[in-house]
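These notes concern the structure reproduced below.
Nothing in this text is a laboratory measurement; each read-out follows from the coordinates by a stated rule. What you are looking at is a predicted structure, and each value in this text was computed from that prediction instead of being measured. In this analysis, Cβ positions are derived from the backbone assuming ideal geometry, glycine residues included, and neighbour counts consider all displayed protein chains.
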Amino acid sequence: MSKVFSALAVSVDGYITGRDPGAGRGLGDGGTLFVVSHPPAPEISDRQNLSTTGIEDAIAAARETAGDKDVALMGGGVVTEALKAGLVDEVVLHQVPVLLGEGRPFFRALPEQVRLRLVEAVPAPGVTHLHHEIQR
């Protein structure tokens, strides 16, 4: 069966952007995270699905489209809502050795703890890759 996961770059203190992100400064002063963000396309192609009825329906549609392939989630808000719904199997954090001190946090408020099990930690120059499974 396919997995639902997220894999994003994050600072050691949990931010995906630095201070003052905005037009032309999507990461604010957090340029070392290599995160790309842009507004949604005004129209969708025949290879895209639009779901407006909640995260559960969106992930179900993605799983149907993916077949036996994994489904990747992007964005802290999307991942947080999927975690709240119990729909995430794995979280991969590409942790960059910087303390931004302020910015947009990767995870939003959760109603309860989400327990993780570290599957793999791979140090590399300028980043540590941390692969976690959600414990149920």
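The residue that is farthest from residue 2 (Cα to Cα), among those in the stretch 64-73 that are out of contact with any Lys or Arg (no Cβ under 8 Å at 6 or more places or on another chain) and surrounded by 13 or more Cβ atoms within 10 Å (Cβ to Cβ), is 73. The strands (runs of 3 or more DSSP E) located wholly in the stretch 86-136 that include 2 or more residues which are under 15 Å from the mean Cα position of the chain (by Cα) and surrounded by 15 or more Cβ atoms within 10 Å (Cβ to Cβ) occupy 90-96, 127-134.
Considering each of 76, 103, 86 in turn, give the residue that is in contact with a strand residue (DSSP E or B) (Cβ under 8 Å, 6 or more places away or on another chain), small (Gly, Ala, Ser), farther than 19 Å from residue 50 by Cα and touching a residue at least 12 places away in the same chain (Cβ under 8 Å).
103
Collect the residues in the stretch 94-130 that are out of contact with any helix residue (DSSP H, G or I) (no Cβ under 8 Å at 6 or more places or on another chain) and β-branched (Val, Ile, Thr), keeping them in residue-number order. Residues satisfying the conditions are 119, 122, 127, 128.
Apart from one condition, residue 80 fits all of (1) surrounded by fewer than 18 Cβ atoms within 10 Å (Cβ to Cβ); (2) polar (S, T, N, Q); (3) not in a loop (DSSP other than H, G, I, E, B); the exception is (1).
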